[in-house]
Amino acid sequence: MEKWRTSYRLLKFCNGISYRNSKYQFSGRDSWSIHGKCYSSVASTVLQRNPSFSGITFDDISYFKKILGDRGVVQDEMALESANTDWMHKYRGNSKLMLQPRTTDEVSQILKYCNTRSLAVVPQGGNTGLVGGSVPVFDEFPRILLKVIINVGSMNKILSFDKVGGVLVCEAGCILENLISFLDTRGFIMPLDLGAKGSCQIGGNVSTNAGGLRLLRYGSLHGTVLGLEAVLANGTVLDMLGTLRKDNTGYDLKHLFIGSEGSLGIVTKVSILTPPKLSSVNIAFLACSDYSSCQKLLLEAKRKLGEILSAFEFLDSDAMNLVLKHLDGVRNPLPPSIHNFYILIETTGSNESFDKENLEAFLLHAMESGLVTDGVLAQDMNQASSFWHIREGLPEALMKAGAVYKYDLSIPLEHMYELVEEMRARLDAEANVVAYGHLGDGNLHLNISAPKYDDKILAQIEPFVYEWTSKKRGSISAEHGLGLMKANKIHYSKSPETVDLMASIKKLLDPNGILNPYKVLPSTLVSQT
């Protein structure tokens, strides 16, 4: 054990882009496409506008003010700037109206009215999505206001917390980081942790079935969300806000709304099971010489660290170089060289001495067997945070590097890095292919970084990346959702029969198609159902 501590520098810690110049092009009044430096005619998003939607009138605005008051009806251009632009600055709408309800009843009244008037609405939370799911489309038509943004950020109350059962009930607009802080003081944690936790909201997390850094340990939101409240397009409030672990009375309808991206209803309240906060936490930052070693290390970690393993993240050398170059204050944890692959392992348990012995034995075995070539354990809170900052800071570093094409994929582990290597071969020196992700649950974040958006680069990426993933029976969206970006590409991951059934459910719950149109499902399929 001393060899591990001295030779390999392992220390123990234990503690309780710039805007894109896109052009919006129109053909008459019926089609909308994003062209410019990110999309070409080969791989552009081209949509047909639903002609049944009405334009917003002054009478509509007056009605909304009667419900919400002046404070809840936002028309200021500066205030609407961020609501109209996604986090990537990739999709940009021009909505002139954002509503900010404070209660479920207000959401209900708004949707009932919009449904009667055939006014399309875009549900929105923290607007941190990466696939254009929470920004308006078709508001660029001259002189016509076509979209109502309904932002639930003002619905941010924590309603109850059961400190015995660990069940938290809150409104959809609660910011994830605020919930984490609330639970921390009570000895619990959220089962969900994201890099965007300072801005994202729990309603949006649930609506996109966000994955994040703790899925390996606590599973997806389909397992931890016990109940929810949602408002349908016609204003009907579905009270499914149960707090029970077991309830086999009929269909478990809450699952329809988890991951539906606001296309079936607006989530207004959530009850979620939260785990106790455990006192023994260890963070290890390790180096591996090849991807095969990363896979074997994961298998060994599951076998030897099983009950305390809480995160298993990876990044390659290109990702590390990018972070070191573009994030201020970041240092190489394993100097002086850059290794081919890096693994971040987190363990969480309740027995400090047992966890320490277990982890050190695992690391020593991994080193002696050649799976790990170097490594360090965080010795204090600051060092632990610095390790996580490398992994969580990658999206920010990519934005600072220039143009970026992002792909969020689920791929069988044995094949995951093959896609990265094939993409590098296809692009050669045209762009930098950066890979990182949640290796513990088979989620690859494939990023193609370039100085500027280029149609030639995109034509090399798409549809190849989707076709390749489909052939491996992977998913084209692991945790980011489909949004606008991938709505027309859902067939790469789902059978025609499955997509048809989804469209039928959409038609049943939202017959006028007012909820987040053009997102999640192919718009032509929805309009034909």
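Details
- In this entry, the range 280-394 is assigned a mean projected area of 6.6 nm², taken as a quarter of its C-alpha convex hull surface.
- Solvent-accessible surface (1.4 Å probe) assigned to Glu77 amounts to roughly 130 Å².
- Long-range amide H partners of Cys200 with built H, under 5 Å: Leu176
- Positive-end residue, the range 158-273 charge dipole about Cα centroid, Cβ charges, pick of Ile175, Leu215, Ile258: Leu215
- Dipole magnitude for the chain: about 780 debye, using +1 per Lys or Arg Cβ and -1 per Asp or Glu Cβ, origin at the Cα centre.
- With each label modelled as a point 7 angstrom along the Cα→C-beta vector, the Asp162-Asp328 pair spans 4.6 nm.
- Gain on full extension, evaluated as 0.36 nm per residue between Asn248 and Thr57 minus their Cα-Cα distance, stands at 64.2 nm.
- Kirkwood Rh, Cα atoms: Rg over Rh of the range 458-516: 1.03
- Cleavage-rule hits (trypsin sites (Lys or Arg not before Pro)) in the range 54-144: DSSP loop, at most 14 neighbouring Cβ within 10 angstrom: Arg143
- Unit Cα scatterers, Debye sum, the range 123-233: log10 I(q)/I(0) for q = 0.12, 0.15, 0.19, 0.20 Å⁻¹: -0.46, -0.67, -1.02, -1.11
- Cα-centred dipole magnitude for the range 402-480, charges only on beta-carbon of K, R (+1) and D, E (-1), debye, nearest 20: 60
- When the pairs Lys163/Lys302; Lys296/Lys406; Lys400/Lys489; Lys197/Lys489; Lys325/Lys400; Lys90/Lys452 are compared against a 18 Å limit on Cα-Cα distance, Lys163/Lys302; Lys296/Lys406; Lys400/Lys489; Lys197/Lys489 fall above it.
- For the range 158-273, size of Cβ-based charge dipole, Lys and Arg +1, Asp and Glu -1, in debye: 300
- If R0 is taken as 41 Å, the Cβ-Cβ distance between His255 and Ser337 corresponds to a FRET efficiency of 0.30.
- Rotationally averaged projected area of the range 330-483 (alpha carbon convex hull; nm²): 11.4
- Residue-span extension gain [Thr498 to Glu368] - 0.36 nm each, minus C-alpha spacing: 42.0 nm
- Ordering Leu322, Gln295, Asn282 by Cα displacement along the dipole of the range 275-349 toward the positive end leaves Asn282 in first place; charges were set at the Cβ atoms of Lys, Arg (+1) and Asp, Glu (-1).
- Per-q log10 I(q)/I(0), the range 402-480, q = 0.23 Å⁻¹ (Debye; single scatterer per alpha-carbon; no solvent): -1.07
- For Val270, net neighbour charge (Lys/Arg +1, Asp/Glu -1) across residues whose Cβ lies under 13 Å away: 0
- Farthest toward positive dipole pole in the chain [+1 Lys/Arg, -1 Asp/Glu at C-beta], among Ala429, Leu309, Leu192: Leu192
- Antiparallel content of DSSP bridges confined to the chain, in %, to 5: 90
- By the compact-protein rule of thumb, 2.2 N^0.38 Å, the alpha-carbon radius of gyration of the range 419-464 corresponds to a ratio of 1.19.
The values are calculated or read from the model by the stated rules, or taken from the named source; none is laboratory data. Please read all numbers here as calculations on a predicted model, not as lab measurements. Don't worry about glycine lacking a Cβ; one is built from the backbone with ideal geometry, like all the others, and counts go over all protein chains shown. When the accessible area is computed, the model is the full protein with side chains, heavy atoms only, and any ligands, DNA or RNA have been set aside. Shrake-Rupley method; radii C 1.70, N 1.55, O 1.52, S 1.80 Å.
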